[in-house]
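These notes concern the structure reproduced below.
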Amino acid sequence: MRHVLQRLALIACPVFASLAGCGADPAGPTETAASVDGDHGGRPGGAPGPEGDAVACAPLAARLQAALDAAVDAQGLPGAAAAVDVGGCSFRGAAGVANIEPRTPMKPGDLFRAGSITKTFVSTLVLMLRAEGALSLDDAVSAHVAGVPRGEQITIRQLLNHTSGLFNYTDTDAFLSAVEADPTRAWTPEELIAFSAAEPPYFEPGRGFAYSNTNYIVAGCLVEAVSGQPVVELLRARILEPAGLASTYLDGAEPAVPGLVRGYGSYGGELVDTTSAVDPSSAWTSGGLVSNTEDLTTFFVRLLDGGLLGPAELAEMTTWVGALPADARGYGLGLARRASPVGATCGHGGSMWGFVSASYCAVERDAAITVLVNHEEGDVERIVDDLLRVLRAP
């Protein structure tokens, strides 16, 4: 079990492959299911015409499905689901299996653990509270949440852009030992923060960048303290219900929506089901969301189109940390930027036991893409780029 948990130390981590600018500095046989939907609402590319668009979109859908099939086969993955919206076309596809025993074909609407994509939702809540004057991004964390090490020196902004220096609780031996001893244990946010508090900080607040799940556990506590509501209720009232995200929920904090696929890891040459390896409360607001490709695509489009935050808050969210490691060249407030084959993208990636995820909007191509994989070692960013290359084809 210990070697499994060492891998699970990646809980709720982002995928930071080739991050570059968002709007600047862009770099250049499985069972399947696919659909082309002509009803786009506010998705990229504008509203399609009443008839004929399904026919016009069909060749693109076929190429995207072929690319998804090939990616799942090349990586030896159990399965994946993908959504791509571009130019009035909406592709929803799946490949491989949702469960290897009994063998169950993956479907486009299946649910996955979304991992650190949760952080963008939580940051959005914080910025909504900021817009109402309930807090300032320059407030000290200690003004709202007690018990955070150096909370009087750390600002809310530094939590959201990972410049607080707080040690990542999922990297501590104490956390790994505790979940190994009792994988079903439900955790409180205070207990998770305590694992971080027992370790030295990475650096003085504001003096570096270190991705830490602790930041967003504290952010969840902050949201509750400032709003006076459970974060799950605020999440549902402010984001999920207004945006129509009916397949998204915070696992462990509210009733599950049916349809979660099984997640896997590879150990000793065998696929191991790790879907329930650790109680979801151990991720909470750092990575506990469950969702599907439709909901995540809708969320990021609405967010970046200004449907959830005003211009001032979006400007704060897209103010990128300046000095980052070479593999993480763009991070704002719960939002990442990366290069892609169709130009700069904004969104977030994540990993959770048995799952990896990525959801981005390509601003120059006016496209949106989400890819969800039910294997913790899947290269989800590679699949994102494989599908985006299809958009470059004539």
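What's the carbon and sulfur percent of the stretch 149-232's accessible surface, probe 1.4 angstrom, rounded to a whole number?
Answer for the stretch 149-232 is 51 percent, counting heavy atoms of protein chains only.
Do you know the relative contact order of the stretch 290-394, to the nearest whole percent, from alpha carbon pairs under 8 angstrom that are 6+ apart?
It comes to 20 percent, rounded to a whole number.
Roughly how many Å² of Arg389 are accessible to a 1.4 Å probe, to the nearest 10?
Estimated to the nearest 10 Å², Arg389 gives 120 Å².
Determine, for each peptide in 241-247, 132-138, 339-345, the mean count of other beta carbons within 10 angstrom over its residues, then list the peptides with the highest first.
Numbers: 241-247: 15.4, 132-138: 13.0, 339-345: 23.4.
Per-residue mean Cβ counts within 10 Å order the peptides as 339-345, 241-247, 132-138.
In square angstrom, rounded to the nearest 10, how much accessible surface does Arg113 have for a 1.4 Å probe?
Approximately 20 Å² for this residue.
Compute the accessible area per residue over the stretch 80-174, keeping the other protein chains in place, probe 1.4 Å, unit Å². Could the numbers behind the result be given before it?
Numbers: 2690 Å² over 95 residues.
Per-residue value: 28 Å².
For the stretch 278-352, with all protein chains present and a 1.4 Å probe, just round the carbon and sulfur fraction of the accessible area to a whole percent.
Carbon and sulfur: 55 percent of the exposed surface of the stretch 278-352.
Can you list the residues of the stretch 262-279 with backbone N under 12 Å from a point 7 Å past the Cα of Glu101, pointing along Cα to Cβ?
270-273
Going by average Cβ density within 10 Å per residue, which order do the peptides 75-84, 139-148 take, highest to lowest?
Put in order of decreasing packing, that is 75-84, 139-148.
Explain nothing, just compute: Karplus ³J(HN,Hα) = 6.51 cos²θ - 1.76 cosθ + 1.60, θ = phi - 60°, for every residue of the stretch 356-364 in order, whole Hz, x for Gly and Pro.
So the Karplus estimates, Gly and Pro as x, are 9, 8, 7, 9, 9, 10, 9, 5, 6 Hz.
The values are calculated or read from the model by the stated rules, or taken from the named source; none is laboratory data. For clarity, every value in this text was computed on a predicted model and none was experimentally measured. Note that each Cβ is placed from the backbone with ideal geometry, even for glycine, and that neighbours are counted across all protein chains shown. To get the accessible areas, we keep the full protein, side chains included, count just its heavy atoms, and leave off ligands, DNA and RNA. Shrake-Rupley method; radii C 1.70, N 1.55, O 1.52, S 1.80 Å.
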